[in-house]
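The values are calculated or read from the model by the stated rules, or taken from the named source; none is laboratory data. Given the structure is predicted, the values throughout are model-derived calculations rather than measurements. Every residue, glycine among them, receives a Cβ derived from its backbone with ideal geometry; neighbour counts consider all protein chains shown.
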Amino acid sequence: MAQKNIALSKTNLIICGIAVLLIISGFLLMTGPSTTLENGFEPDIFSARRIKLAPIVTVAGFVLMIVGILYPSKEKNSGKK
């Protein structure tokens, strides 16, 4: 099977894959019980994990995604425009 010419190199795809996992883990850290009128007030919605840690992890994942896309390839395309 012939190798396809794709825009991103293997290193870029690995970095983007790690970024996706980081974004998913950030969203999973945000999950938890909600506050409803039936169940009463749930103080866990104001936990440090859901307010501080999860958004930091998610934003780090998005920044890593940008880095993964813009990371320069080691292969130089000399002669191609």
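Annotations for the structure displayed:
- Exclusive hit being surrounded by 10 or more Cβ atoms within 10 Å (Cβ to Cβ), hydrophobic (A, V, I, L, M, F, W, C) and closer than 17 Å to residue 59 by Cβ, set 14, 18: 18
- For the range 25-51, a residue qualifies if it is assigned to a helix (DSSP H, G or I), small (Gly, Ala, Ser) and surrounded by fewer than 10 Cβ atoms within 10 Å (Cβ to Cβ), and exactly one does: 48.
- When 19, 54 are checked against the criterion of being modelled with pLDDT of 95 or more, assigned to a helix (DSSP H, G or I) and closer than 20 Å to residue 7 by Cβ, a single residue qualifies: 19.
- Check on residue 61, assigned to a loop (DSSP other than H, G, I, E, B), touching a residue at least 12 places away in the same chain (Cβ under 8 Å) and in contact with a helix residue (DSSP H, G or I) (Cβ under 7 Å, 6 or more places away or on another chain): no
- Residue 14 vs. criteria at pLDDT below 90 and among the β-branched types (Val, Ile, Thr): no
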